Amino acid sequence: MGAHWLLRDQLALTIEARAIHISNAGIREPNHGVNSVMGMIGLTRFF
């Protein structure tokens, strides 16, 4: 999920949140997965 707020014609403030899950896809037991949430803030330049 994310959003862009246009600051100028080709420049935007970008905010994102992502949910991430990493596991071994059931190849081996035990299959303890890792869940995390990542947030990002930055500038995006459109060409």
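Just so it is clear, none of the values below were taken in a lab; they were calculated from the coordinates. Everything quoted here is computed from the prediction, not taken from an experiment. Quick reminder, even Gly has a Cβ in these numbers, built from the backbone with ideal geometry, and neighbours come from all protein chains shown.
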Kirkwood-based Rg over Rh for the chain (C-alpha set), two decimals? 1.30
Calculated FRET efficiency for the pair PHE47/SER23, C-beta based, R₀ 30 Å, to 0.05: 0.20
Within the chain, trypsin sites (Lys or Arg not before Pro) in DSSP loop having at most 10 other beta-carbon neighbours inside 10 Å: ARG28
Per-pair calculated FRET efficiency, R0 = 22 Å: LEU11 and MET38 via Cβ, rounded to 0.05: 0.40
